[in-house]
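Everything on this sheet refers to the single structure shown next.
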Amino acid sequence: MTFSTSHPVTADAAGTWRLGDLTVRRIGLGAMRLTGSAAFHAGVPRDREQALAVLRRAVELGVDHIDTAAFYFSSLRSSNELINRALAPYPDGLVIATKVGPGRDPSGAWLPAARPDQLRGQVEENLRQLGRDHLDLVNLRVMPSVGPGGVAERMGALEELRTAGLIRHLGVSNVTSAQLAEARATAPVVCVQNMYGLGDRRSAPLVRECGELGIVFVPFYSIAGEGREMGVVGEPGGADGAVEAVARTHGVSAAQVRLAWTLRQGPHVLAIPGTGDPAHLEDNLAAGALRLTDGDLALLEASAPAGPAA
């Protein structure tokens, strides 16, 4: 299956799913790479005009789910500011998801996870930067050391903001099954955002659990896989022989194979591949039209790192 570059595949090809009471296409856009590199403040920032062009092109091609955070910034770029500049006034139906919990000082240094009483300030920071009067979706990013109050008190603080109308929906990120249960006991949770992909399937049981609970699962680093957590820089993917073999069979890229595999893990699984390159954007969206065969899936599963399969 070879895709024409003269007529790029749009986000419609991946189909849609419900995110709370919102309907979004299953391939969106992660905004982190618009600021420079995966290390947020390391490396050379993207060309500003190119970053703005990628955002506008994404919406032209049907992307209606953009993932960002106030702490996505480099020495010269802020993802929230770029989104505001490129897309405001925002088109109807565009869902912007953001994250709170961790923070960074003006130099880019990481700060400890926010206390429950500090979360309102983080929410208001996102509102100011994005130029909005409410946030569609706020994910509580749970750090390894959650801090006093745990997940429950932080979700309780965010639930107060949701009730007040500053937030439409809540989700959690980087959580265990027990932490998801803790969050759901405090507030309605519409999505879980964890690292997951062909190269790192440790969250596979949580993918299944979310499907059973009717919660959307939004994987990050689904193209890159294991070892690509915050601050690690390098070429995405590192496609192994099986991925390359499947890619050659279909006449597509390794990234498309990885994204197509991710989408096959359940209709409730969305994807938010990040890029600051217009060609990569179209390549990622084309993964929604790629239909992997049972033989492809078997080959990919057999080659994946040891761990729970989805």
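Please report, in debye to the nearest 20, how large the charge dipole of the chain is about its Cα centre when each Lys and Arg carries +1 at its beta carbon and each Asp and Glu carries -1 there.
Charge dipole, the chain, about its Cα centre: 200 debye, nearest 20.
Distance between Cα centroids, the stretch 156-230 to the stretch 239-300: provide it in whole Å.
Centre-to-centre distance over Cα atoms comes out at 22 Å.
Name the shape class, rounded, prolate or oblate, that the alpha-carbon gyration tensor gives for the stretch 7-119, where a ≥ b ≥ c are the square roots of its eigenvalues, rounded holds for a/c under 1.5, and otherwise prolate holds if a/b is larger than b/c and oblate otherwise.
Oblate shape, in that a/c is at least 1.5 and b/c is the bigger or equal ratio.
Out of all DSSP beta bridges in the chain, what portion is antiparallel? Express it as a percent rounded to 5.
Counting DSSP beta bridges with both partners in the chain, the antiparallel share is about 25 percent.
Which residue, chosen from P144, V216, H134, occupies the Cα position most advanced towards the positive end of the dipole of the chain, where the dipole is computed from +1 (Lys, Arg) and -1 (Asp, Glu) charges on Cβ about the Cα centre?
Farthest towards the positive pole: H134.
Taking every DSSP beta bridge that has both residues in the stretch 94-225, what percent is antiparallel when rounded to the nearest 5?
15 percent
Once every DSSP H run of n ≥ 4 in the chain is given -39500 (n - 2.57) and the sum is divided by its residues, what mean residue ellipticity at 222 nm do you get, rounded to the nearest 500 deg cm²/dmol?
Using -39500 (n - 2.57) per qualifying helix, the result is -10000 deg cm²/dmol.
So how much slack lies between S303 and E212, counting 0.36 nm per residue of separation and subtracting their Cα-Cα distance, in nm?
Value of the extension gain: 30.0 nm.
What FRET efficiency would be calculated for the residue pair R291, R56, taking the C-beta separation as r and a Förster radius of 35 Å, to the nearest 0.05?
0.75
So if each residue of separation counts as 0.36 nm, and I subtract the Cα-Cα distance between R128 and M143, what length gain in nm does that give?
3.0 nm
Under a plain spin-label model, where a point goes 7 Å from the Cα along Cα-to-Cβ, how far apart in nm are R104 and R202?
For the pair R104/R202, the computed spacing is 2.2 nm.
Taking the Cα centre of the chain as the origin and placing charges on Cβ (Lys, Arg +1; Asp, Glu -1), which of L270, L61, V172 is farthest toward the positive end of the dipole?
Comparing the listed Cα positions along the dipole, V172 ranks first.
Using only Cα atoms and rounding to the nearest 10 degrees, what angle (0 to 90) does helix 204-213 make with the longest principal axis of the chain?
70 degrees
At 0.36 nm per residue, and after removing the present C-alpha to C-alpha distance, how many nm does the segment from R264 to E244 gain when stretched out fully?
My answer for the length gained is 5.4 nm.
Read-outs: derived from the displayed coordinates by stated rules, not from any lab. On a predicted model such as this, the values are computed, not experimentally measured, just so you know. Cβ atoms come from the backbone with ideal geometry, glycine included; neighbour counts cover every protein chain shown.
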